[in-house]
Amino acid sequence: KGVLVLFCLWLSGCSDSTNEPLAQDVYVWQRVWSPAVLEAVAHVPSPVKGLRILVGEVSASNTWTAVDTKLTALAPSRALTAVFRIDGQRTLNLADPALERIVSWSSQQPPGRWSGLEIDYDCPTRSLGGYQAWLRRLKARLPASSRLSITTLPTWMESPDLQGVLRVVDQAVLQVHAVLNPRQGLFDEKIALLWVARFDRLSPIPFRVALPAYGSRVSWNLSGQVIAITSEDHADDASPGTELMADPIAVSRLLEALRRHRPSGLTGVVWFRLPVEGDQRSWSRATWEHVMRHEPVQAQWQARLEPDALGASQILLRNAGSGDGVLPKTISVSGPCPSADGGSAYDIQHRDNDTLWQRRSERWLRVGEELPIGWMRCATNGQEIVIEP
């Protein structure tokens, strides 16, 4: 909080808005609207006032993929924004087919269904001038009532073309996650705070901040270069790489700071992405709701033994808290257990008379979920289990 107050004094642009909640939207980024996605969309928590829905993508090779959103199966009571993702490897120009695709899609939509349209394009900073011209052409081809927004990157603040780009559109969404070296994690609230303060000083239009509610698996080659970032596939302990997750406590701190000392141009936040049952790389719905309602989030660990008919016991670890969290570093079982093994994210060690399960990777466990971490067959019964976070 102190960092933001210092920047408010420097910018003279923040207001004390502790009694005024920030507007909250959420990205619906799923490419396939399964029954679980439909269920999540139909029961979005009440603090969320708008859905920003991925409706189409343009790949680096100009392949167009439309998303069947199945909106006709719902009766949405929230504002809907159609989002188009364009691969950042593309260099947009005025004759780019992506523009025609978006205009064509927009012309086919029923009146009143969408309150706006958003372009998600990680434009190289050096190409912002061309992006400005492309956006101007797109804006001229859309209905006059259509509000146009874009996602923006912190690196754009180094370009003199940023303000020209922003003046073309109605709203910007500043992304403050997954923009640095992934070795530093997906999110740092102190750096995000500095970015928000600086963007507020530079932006001539209202903006929102995109907040992370997801995780990724990052893989490197032997030279230390990132070769793969997976954010939406099923989590798999056997896959190479490191699991990263946006820390709900850190995101909570940023959200509270923005609520208490809101920059003058900030109108709200957009969550990425909507938690859906079965999506192991997103926060649990419980965690997301606690954070957006400014309620405490904290993992709470419980372990239990489940005996089988052969005299062995499986160790089950459960998160009984109010927030998703990184698995505990160590689970120790007292007494000699000559037969034992690790599982999931744990390796086993024997120390004196105790058996230890030590975490080998920073996997997260969501609220209410239970994970088998290994098994043991001990010489005696009545073992004590000690969890060291």
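The values are calculated or read from the model by the stated rules, or taken from the named source; none is laboratory data. Quick caveat: nothing in here was measured; it's all calculated off a predicted structure. All Cβ positions, even for glycine, are placed from backbone atoms using ideal geometry, and neighbour counts span all protein chains on display. Note: areas computed on protein heavy atoms with side chains; ligands, DNA, RNA excluded. Shrake-Rupley method; radii C 1.70, N 1.55, O 1.52, S 1.80 Å.
Can you give the calculated 222 nm mean residue ellipticity of the chain, where each DSSP H run of n ≥ 4 adds -39,500 (n - 2.57) and the sum is split over every residue, rounded to the nearest 500 deg cm²/dmol?
When only DSSP H runs of four or more count, the value is -6500 deg cm²/dmol.
Which aspartates and glutamates have a Cα less than 13 Å from the Cα of Lys49, not counting those fewer than 8 places away in the same chain?
Excluding near neighbours in sequence, the set is Asp25.
Which value, in Å², gives the accessible area per residue of segment 323-389 when a 1.4 Å probe is used on the protein heavy atoms?
50
Which trypsin sites (Lys or Arg not before Pro) does segment 301-389 hold that lie in a coil by DSSP with at most 16 other beta carbons within 10 Å?
Passing both the DSSP loop test and the Cβ count: Lys329, Arg360.
Just to confirm, what accessible area per residue do you get for segment 38-127 at 1.4 Å probe, in whole Å²?
47
In segment 312-389, carbon and sulfur make up what percent of the accessible area (probe 1.4 Å)?
For segment 312-389, the apolar C and S fraction of the accessible surface comes to 42 percent.
With each pseudo-label sitting 7 Å past Cα toward Cβ, what's the Leu74-Val103 distance in nm, one decimal?
Placing both labels 7 Å along Cα→Cβ, they lie 2.9 nm apart.
Roughly speaking, to the nearest percent, how much of segment 120-179's 1.4 Å accessible area is carbon and sulfur?
46
Once you mark the GluC sites (Glu not before Pro) that are in a DSSP loop and have at most 16 other Cβ atoms within 10 Å, what is the longest gap between them in the chain?
Counting only loop sites that pass the neighbour cut-off, the longest clear stretch is 1-231.
Take every DSSP beta bridge whose two residues both sit in the chain, then give the antiparallel share in percent to the nearest 5.
55
Just to confirm my numbers, what's the Cα centroid distance between segment 317-389 and segment 254-280 in Å?
34
For segment 276-320, with every protein chain kept in place, what is the accessible area per residue (1.4 Å probe, Å²)?
Ligands and nucleic acids excluded, the figure is 51 Å² per residue.
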